[in-house]
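Read the structure below first, then the notes.
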Amino acid sequence: MMNCLGCYTESKEAYCLSCRKILFDKAKVSSLLAFDAPNINNRDLFQEHSKRMSISGVQLKYSLHREKTSLILCEKDGHYLLKPVPPIRTLLYVNDVPENEHLTMQMASQVFQINTAANALIYFRDKEPAYITRRFDVRNDGRKYQQEDFAQLTRRSKPTHGAAFKYNGTYEEIGLLIKQYVGAARAVLENFFKLIVFNYVISNGDAHLKNFSLIRRENGEYTLTPAYDLMSTVIHTPNESDTALGLYEGDMDAPFYATYGCYGRSSFMELANRFGIVEARALRIIDQFPAKEESMKTLINASFLSEEVKKLYINNVKEKLKRIIAA
Ligand SMILES: [Zn+2]
């Protein structure tokens, strides 16, 4: 027996049946890709297939499609995105980046029932790890759902707001747009609020405007996409700020922030208030996090992170939980 590379449960195979279902429509895909990780010798293979793929931050993404049980690099419109260890030596614990993303996505869905893109860990032929995720915007027949991220929706781009445009704005702004575009806005806003608290608790300092999107389903309605790109970024870039965006305009003037220099329970309660989430519901969402500390720890310890990074991850969570417990 081993642990499934998708959900960590004990499994006879690399991917358990339920992970195979959501990732590969039940196909027995190997956890070992048929090609090596990007390196000096095979760079052309990857570049040839990545012409139209965007590079978000420093993480390269490759497009894959599946033919029966094989995953094959393709130029565009693949059903999967593959994210190898980033080739950036200034990141700390760089080899843990793929598993950090995989663990964090699993924690969001397993521990907090946050709707996430299907994901797993996979290995290149040379045993280098990579994060793999199934695209939710591509249908089986290859057609794409219309999708817009919140940089597009708030009309921010490099020409209008400079190189750091995606770090410009607040989560409140995103919430107001959800209210405006999404039919069942109340439930969606509560889920969005939970995701923001989650990102804070697990120290994701890179949840910027492009990491949230609306998608238009067949019925023509817009909704928030499943969560993607979740990671405890502080492990790799310890000097970045706690959140990529402010919670709301003027959040730093509130008493808690003015006293402690960071967000606390009252900061998130104020954000919930601005979203129109009733107090009891907001409290219930926030209080899930300290209540699930042990479940988070169990999953972190079951992950494929290095022992050192597991400890760091757990300690960081502990620190953040203290803040959201404090008024
Ligand atoms: Zn599984």
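The values are calculated or read from the model by the stated rules, or taken from the named source; none is laboratory data. Remember, predicted model here, so these are calculated numbers, not experimental data. All Cβ positions, even for glycine, are placed from backbone atoms using ideal geometry, and neighbour counts span all protein chains on display. With ligands, DNA and RNA removed, areas are computed over all heavy atoms of the protein, side chains included. Shrake-Rupley method; radii C 1.70, N 1.55, O 1.52, S 1.80 Å.
Does anyone have the angle between helix 279-291 and the longest principal axis of the chain? Alpha-carbon axes, 0 to 90°, nearest 10?
50
With respect to the cross-link table entries Lys61/Lys310; Lys210/Lys310; Lys297/Lys320; Lys83/Lys318, which display a Cα-Cα separation exceeding 18 Å? Write down the numbers at each step before the final one.
Working: Lys61/Lys310 25 Å; Lys210/Lys310 28 Å; Lys297/Lys320 14 Å; Lys83/Lys318 28 Å.
The pairs that break the limit, which is 18 Å between Cα atoms, are Lys61/Lys310; Lys210/Lys310; Lys83/Lys318.
What are the ³J(HN,Hα) couplings of segment 260-270, residue after residue, when phi is run through the Karplus curve with 6.51, -1.76, 1.60 and θ = phi - 60°? Round to Hz, x for glycine and proline.
9, x, 7, 6, x, 3, 5, 5, 6, 5, 5
Modelled label-to-label distance, Arg217 and Ser70, 7 Å Cα→beta-carbon offset: nm?
3.6
Which angle from 0 to 90°, rounded to the nearest 10, does the C-alpha axis of helix 185-201 make with the longest principal axis of the chain?
In the chain, helix 185-201 runs at an angle near 80 degrees to the longest axis.
If R0 is 22 Å, what FRET efficiency do you get for Ile88 and Asn41 from their C-beta distance, rounded to 0.05? Could you put the intermediate results ahead of the total?
Details: r = 20 Å, r/R0 = 0.89.
Calculated value: 0.65.
I need the fraction of alpha carbon pairs in segment 146-325 separated by more than 19 Å, rounded to a whole percent.
60
Hey, what number do you get for the chain at 222 nm if only DSSP H runs of n ≥ 4 count, each worth -39500 (n - 2.57), divided across all residues, to the nearest 500? Mind dumping the intermediate values first?
Values: 12 runs with 125 residues, N = 327.
After summing the helix terms and dividing by residue count, I get -11500 deg cm²/dmol.
Using the Cα atoms as the points, what is the convex hull volume per residue of the chain in Å³?
Taking only Cα atoms, the chain has a hull volume of 142 Å³ per residue.
Sort out for me the Cα centre separation of segment 255-277 from segment 1-17, rounded to whole Å.
40
Please state, to two decimals, what the Cα-based radius of gyration of segment 2-134 comes to when divided by 2.2 N^0.38 Å (N = residues).
1.02
Between the helical axis of 171-181 and the dominant principal axis of the chain, each derived from Cα atoms, what acute angle in degrees is found, rounded to the nearest 10?
The helix 171-181 is inclined about 80 degrees to the chain.
In segment 146-325, carbon and sulfur make up what percent of the accessible area (probe 1.4 Å)? Don't skip to the answer; put the middle values down first.
Numbers: 4130 of 8250 Å².
Summing carbon and sulfur atoms, their accessible area is 50 percent of the total for segment 146-325.
Pick from His236, His161, His65 the residue whose mean-square fluctuation is largest in a GNM of the chain, springs joining Cα atoms under 10 Å.
Highest fluctuation of the listed residues: His161.
Hey, what did segment 2-134 get for relative contact order, percent, Cα under 8 Å, at least 6 apart?
It rounds to 25 percent for segment 2-134.
Rg and Dmax of segment 115-219, Cα atoms, in Å?
Spelled out, the Cα radius of gyration and Dmax of segment 115-219 are 16.0, 48 Å.
Amide H of Phe35: which non-local residues (sequence gap of 5 or more, or other chain) have their own amide H closer than 5 Å, using H built in the peptide plane?
The list, which skips near neighbours in sequence, is Arg125.
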